[in-house]
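The values are calculated or read from the model by the stated rules, or taken from the named source; none is laboratory data. Everything numeric in this text was worked out from a predicted model, so none of it was measured. Neighbour counts run over all protein chains shown; Cβ positions are idealised from the backbone, glycine included.
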Amino acid sequence: MKILAIETSCDETALAIVGASGGINPSTGSGPKFKILENLVASQIKIHRPFGGVVPNLAKREHIKNLPILLKKLGGERKVRKADIIAVTVGPGLEPALWTGITFAKELAKKYKKPLIGANHLEGHLYSFLIPQKGRRAVNFKKLFPAVSLIVSGGHTVLLLMRSLENWDTLGETRDDAAGEAFDKVARMLDLPYPGGPEIEKLALRGNREAINFPRPMIYDKNYEFSFSGIKTSVLYYLRDNPKTEKADVAASFEQAVIDVLIAKTIRAAKEFSAKSVTLSGGVAANKLLRKTLKKESKKIGAKFFVPDFKYNLDNAAMIAVAGYMTHLRRSAKGGFASGGKKYKLSAQGDIDI
Ligand code: KG4
Ligand code: ZN
């Protein structure tokens, strides 16, 4: 089937058309298959940059402007008619921004008489490793689980244990700032533009990762929770006390501290639960050092490593189509998988009822 997906939870307006087939049958090793037919993203970074972060009402205005433009680029009415389902992000995200996508999707669904499915943004990130990649073999669902999944974005840092594609538990979350949020805040302290992650990554390449020993909060705690506001505060005090410091060293040492914590906890969970694979997703997963190190450490413990292509780490609608298809499977299955409920929800909070 073909899915038309819409994502407007933050500062990217995104539309995609994705082909999806197959269901879930772990005993035969089969699973859903996806083909990205169209994937369009209109980034608002330049608009929010002067404000140092996303301004919800500006995001709303831009989404309203961009949605019809993207739909036209996608092929307009002709493409909507060919879609079997429309999927739209219903949360978590910025409410004024979310509503623009939901309203747009509802109008299309009504006009073209298509079923409408609400997709959870974090499930989109979680399932983004299912998006096919050039040069990578199809995912073998028989050898995938249990899997430990790390989602690191601007709003969330979550570690999950996936027993199957439809059954997972949250092992831990951040108690304060998300990893991406810490990157954005430290970037601001270093006078780098928004979004901070890519800027810190660039600056860190010229710095010494061992120059400053920033704390690694909760790294030895026996739970799977995270805390990043302490590192951020340490950077603030360090800059106050050492105004002539080399900024590249601060960026590199900070990046290393965040990555050390993310890797340590993910690998410890993978060992504890004898994970056959480790998956990484969300905007911070675009960080090359994080990808490289987690891949290396996963291999060391005999676990396969999955991370989506760069363009599917940042917010996009292809992953929303994948999450929408999983919800569709859940609903159409008889029994178990259809039950939904909290167990299958990454964040019931913030989801808008459509
Ligand atoms: O998933 P995403 O696009 O949006 C949310 O759902 O929040 O993630 C955006 C976050 C931002 O905080 C951004 O600074 C961070 O991902 N990010 C990075 C990198 N690229 C984006 N963080 C570290 N290194 C990067 N290369
Ligand atoms: Zn996201």
### Summary
Across (1) of a type in the set (Ser, Thr, Tyr); (2) modelled with pLDDT of 95 or more; (3) away from ligand 2 (no atom under 16 Å from the Cβ); (4) more than 30 Å from ARG81 (Cα to Cα), THR157 clears everything bar (3)
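Residue-wise test of (1) farther than 29 Å from ILE36 by Cβ; (2) away from ligand 2 (no atom under 16 Å from the Cβ); (3) of a type in the set (A, V, I, L, M, F, W, C).
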| site | (1), (2), (3) |
| --- | --- |
| LYS142 | no, yes, no |
| TRP168 | no, yes, yes |
| ASP191 | yes, yes, no |
| ILE212 | yes, yes, yes |
### Task
List the number of the failed condition for ALA323; all other conditions in (1) outside the structural domain of THR266 (by TED's automatic domain parsing); (2) surrounded by fewer than 20 Cβ atoms within 10 Å (Cβ to Cβ) hold.
(2)
#### Entry: Odd one out for ARG291 among (1) in contact (Cβ under 8 Å) with a residue 24 or more places away in the chain; (2) under 16 Å from HIS125 (Cβ atoms); (3) assigned to a helix (DSSP H, G or I)
(1)
### Query
From the residues in region 111-134 that are among the hydrophobic types (A, V, I, L, M, F, W, C) and under 30 Å from SER229 (Cα atoms), which one is nearest to ligand 1 (Cβ to nearest atom)?
LEU122
### Query
What residue, among those in region 194-247 that are touching a Lys or Arg at 6+ places or on another chain (Cβ under 8 Å) and among the acidic types (Asp, Glu), is surrounded by the most Cβ atoms within 10 Å (Cβ to Cβ)?
GLU201
### Message
Just to verify a result, which residue in region 135-164, among those that are in a loop (DSSP other than H, G, I, E, B), more than 20 Å from VAL261 (Cβ to Cβ) and in contact (Cβ under 8 Å) with a residue 24 or more places away in the chain, is farthest from ligand 1 (Cβ to nearest atom)?
### Response
ASN140
### Candidates ALA285, ALA257 - the one that is within 14 Å of ligand 1 (Cβ to nearest atom), farther than 22 Å from VAL139 by Cβ, among the small types (Gly, Ala, Ser) and at pLDDT 95 or above
ALA257
## Note on the structure
Counting only residues in region 259-314 that are among the polar types (S, T, N, Q) and surrounded by 23 or more Cβ atoms within 10 Å (Cβ to Cβ), the one farthest from ligand 2 (Cβ to nearest atom) is identified as SER298
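Only one of VAL139, VAL158, VAL186, VAL148 is outside the structural domain of ARG330 (by TED's automatic domain parsing), surrounded by 23 or more Cβ atoms within 10 Å (Cβ to Cβ) and closer than 25 Å to VAL18 by Cβ. Can you tell me which? Lay out the reasoning, then the answer.
Numbers: VAL139 fails: surrounded by 23 or more Cβ atoms within 10 Å (Cβ to Cβ); VAL186 fails: closer than 25 Å to VAL18 by Cβ; VAL148 fails: closer than 25 Å to VAL18 by Cβ.
Only one candidate qualifies: VAL158.
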### Task
Among the candidates ILE64, ILE102, single out the residue that is away from ligand 1 (no atom under 16 Å from the Cβ), buried (at least 19 other Cβ atoms within 10 Å of the Cβ) and hydrophobic (A, V, I, L, M, F, W, C).
ILE102
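Could you say which residue among ARG188, ARG240, ARG209 is more than 28 Å from PHE51 (Cβ to Cβ), of a type outside the set (S, T, N, Q) and at pLDDT 95 or above? Explain how you work it out, then say what you get.
Numbers: ARG188 fails: more than 28 Å from PHE51 (Cβ to Cβ); ARG240 fails: more than 28 Å from PHE51 (Cβ to Cβ).
Matching residue, one of ARG188, ARG240, ARG209: ARG209.
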